[in-house]
Amino acid sequence: MARLLLAPILLLIAICGRAVSRPPPPTSDAALTQVAASLQMFVDQLPVMPRLYGYSNEGNTKPKSGNLVVGMFEKKWKFHRDLPETTVFAFGTSPEEATVPGPTIEAIQGVPMSVTWQNHLPESHILPWDPTVPTAIPKNGGVPTVVHLHGGIQEPQNDGHPDAWFTSNFRETGPTWTKSTYTYPNVHHSGSFWYHDHAKGLTRENLLAGLIGAYVICNPALDAALNLPSGPEFDRHLMIFDRSFSRDGSLYMNYTGNVPSIHPQWQPEYFGHAIVVNGKAWPYLKVQRRKYRFRIINASNARYLSLSLSNGLPFVQVASDGSYLPAPVHTQSVVLAPAEIADVIIDFSTSGTTEAVLNNDAPYPYPGGSSVDQLNSKVIKFIIPPEKPKVPDTSKIPSSLVSYRATATVDGAAKTRYIVFYEYRTSSGDTTHFLINGKKFSDPVTETPKSGSTEVWEVINLTNDDHPLHMHLATFQAIKVQALVNEAQFNSCMIAKNDAIACNVGSYVTGKVTDIPPTERTWKNIVKIPPGNQTTVVVKFNLVDTNSPYPFDATAEPGYVYHCHILDHEDNVMIRPLKLVSGSWSESDDKGKGETETERNG
């Protein structure tokens, strides 16, 4: 399934006057495991992230637009009671208030807000970075950053394009940077989102350093009608990610690549030894015997999560990513790709035990990698005292939730595109990089959907790993997963021609059909693309709750991007530009009148 890289890239000693960091003495995997194993689990309480409001209420008037200023700071952070303080990058309104994850930003549907993202980071990164992958490299030092609201619907200038980066005090900016203050219209239906850095080639380092935070769009009328658990105690975020620590408490990220003669630092995936929730390694939460709502965000760089409760309590999932499900789904486990969100209810009143551990058993890499161990198989402990809840639980789990106006069907789609994932290896089988459709991020844009249209993307995965597909702006839904047969033969043809139609793709997509899990049958911003399969994805370039066009010019520069959300893959170089084009649109375009056209992947 691999292509051979034809020529090695020379090891760079310095780029644009910036010296590459001298690596510290090697740290063995055994030493990292020992550090993590020395930390007693479930001794730190689950933190509650600070909350910022993107609106203001004055008396009984309608909410008014808010203006926030959120900075990125270097500071010390305590990930565990027994671990020395760790140097991190953190979001906050000041160095003292900055946290990992950053503050949760709350917005109201239909009420726009503005955020000025400020970079106060130092001249040099706290983690190793690899100049041989396409990277934002300022000429005068500093750490490039640009913030992306993941799952948000906003103009291209406010989306956090990878080349719209900036350094401290906007001293230097990237080629697509245009403004210091972003406007978020919050036209997306209510749901759970998150924000994070998106600087080209540095996303894996900047998120690993701590630049992540939750974002919520509320609809007060809908929230009241659904009557799900609410309030800061019973509606909680769980931002889960994995990290490794050195003995001095510092974040560990490898300094040596798996093919150092080509990429001196880059490795295909980052997997940490400790599981962190809301900034604490293996925390605990004391709960009451009642229903709780947990908005679970997998903020890991590469680790998939397969979550279940040790005492057998089920999850009742009500939403996936930023969209509600049509009806609640009762399930014993939840599988989350990196960047994916599950919104679940747990009813602790039915627990037959006084404790429950949230476990993880997802192999890494997913789905055919190593099994979890005693460390990365544990996430958080819930302590469930026998007493009745202090206040009666009046929340309900309704029989139905939300049905959006848009439907996920291939009928009337304006275009069908073939999107193919490739992994490239050396002759000895070591991964060197990933590409989509055989193209780099810097190659000319080939995906140019009409704003307001519906498309079908047939996504073919010719690698060994599952990849979380993320598109900026668009919402989308997988409707079919079908295995490839004679995969080696098809792969050989694709290596030669890089053209699914010319390789007669239809004759190979005849294998087993896998059902889309009920927990993922809604409009999403992350879709899992399993290996050896073609996943049919319906993509909506409009507002799915009203099935209407975007209320802004989505065709403006610098456009958008789509990519794999395994950050190590995205940085090298599993990311492509996405440029919307204008054209007349009416609701009938999604009812069968659109001309069907297949675009080859070129």
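Length gained on full extension, Asn311 to Val410: 31.5 nm, using 0.36 nm per residue less the C-alpha separation.
The distance between label points at Ser230 and Asp29 comes to 4.9 nm (points 7 Å beyond Cα on the Cα→Cβ vector). Taking label points 7 Å from Cα along the Cα-to-Cβ direction, Asn486 and Lys78 give a separation of 6.4 nm.
Label-to-label distance for Val69 and Lys388 is 5.1 nm, based on points extended 7 Å past Cα in the beta-carbon direction. Summary of packing: across the peptides 92-105, 246-259, the per-residue average of other C-beta atoms within 10 Å ranks them, highest first, as 92-105, 246-259.
Across the accessible surface of segment 235-383, with the other protein chains kept in place and a 1.4 Å probe, carbon and sulfur atoms take up 49 percent.
Using 0.36 nm per residue and subtracting the Cα-Cα separation, the extra length available between Lys62 and Ile495 on full extension is 150.1 nm.
Per the Kirkwood formula applied to alpha carbons, the chain shows a radius of gyration over Rh ratio, Rg over Rh, of 0.94.
Ordered from longest to shortest, the equivalent ellipsoid semi-axes for segment 276-321 are 20, 15, 12 Å, each the square root of 5 times a Cα gyration tensor eigenvalue. Distances longer than 23 Å among the Cα atoms of segment 44-146: what percent of all pairs is that? So the portion of pairs separated by more than 23 Å is 44 percent. Dipole magnitude for the chain: computed about the Cα centre from +1 point charges on Lys and Arg Cβ and -1 point charges on Asp and Glu Cβ, it is near 600 debye.
Computed over the chain, the per-residue total of -39500 (n - 2.57) for DSSP H runs of n ≥ 4 gives a 222 nm mean residue ellipticity of -1500 deg cm²/dmol, rounded to 500.
Taking only the C-alpha atoms of segment 40-221, the Rg (one decimal) and the largest Cα-Cα distance, Dmax (whole number), read 16.9, 56 Å.
Using +1 at the Cβ of each Lys and Arg and -1 at the Cβ of each Asp and Glu in the chain, identify which of Gln477, Val259, Leu39 lies farthest towards the dipole's positive end. Comparing the listed Cα positions along the dipole, Leu39 ranks first. In segment 415-578, the portion of solvent-accessible area held by carbon and sulfur atoms comes to 49 percent [1.4 Å probe, whole percent, DNA, RNA and ligands not counted].
Carbon-plus-sulfur accessible fraction, segment 40-221 (probe radius 1.4 Å, protein heavy atoms only): 49%. Its relative contact order, with pairs defined as Cα atoms under 8 Å and 6+ residues apart, puts the chain at 15 percent. As an equivalent ellipsoid, segment 415-578 spans semi-axes of 26, 19, 15 angstrom, where each value is the square root of five times an eigenvalue of the C-alpha gyration tensor, largest first.
How much space per residue, in cubic angstrom, does the convex hull of the C-alpha atoms of segment 336-477 take up? Normalising the Cα hull of segment 336-477 by residue number yields 205 Å³. Sorted largest first, the principal axis extents computed over the alpha-carbon atoms of segment 262-389 equal 60, 34, 25 Å.
Farthest toward the positive end of the dipole of the chain, out of Pro386, Thr446, Ser399, is the Cα of Pro386, where the dipole comes from beta carbon charges about the Cα centre.
One decimal place: the segment Ser371-Glu355 gains 3.3 nm when fully extended, by the rule 0.36 nm per residue minus the C-alpha distance. Within the same chain, lysines fewer than 8 places from Lys480 are excluded, and of the rest, those with a Cα less than 25 Å from its Cα are Lys415, Lys450, Lys512, Lys524, Lys528, Lys540, Lys591, Lys593.
Annotation: per residue accessible area for the chain equals 36 Å², rounded to a whole number [probe 1.4 Å, protein chains only].
The values are calculated or read from the model by the stated rules, or taken from the named source; none is laboratory data. Quick caveat, the model's predicted, so the values are computed rather than measured. Neighbour counts are summed over all protein chains in view; Cβ atoms, including those assigned to glycine, are modelled from backbone coordinates with ideal geometry. The protein model used for the area step is the full one, side chains on, heavy atoms only, and it has no ligands, DNA or RNA in it. Shrake-Rupley method; radii C 1.70, N 1.55, O 1.52, S 1.80 Å.
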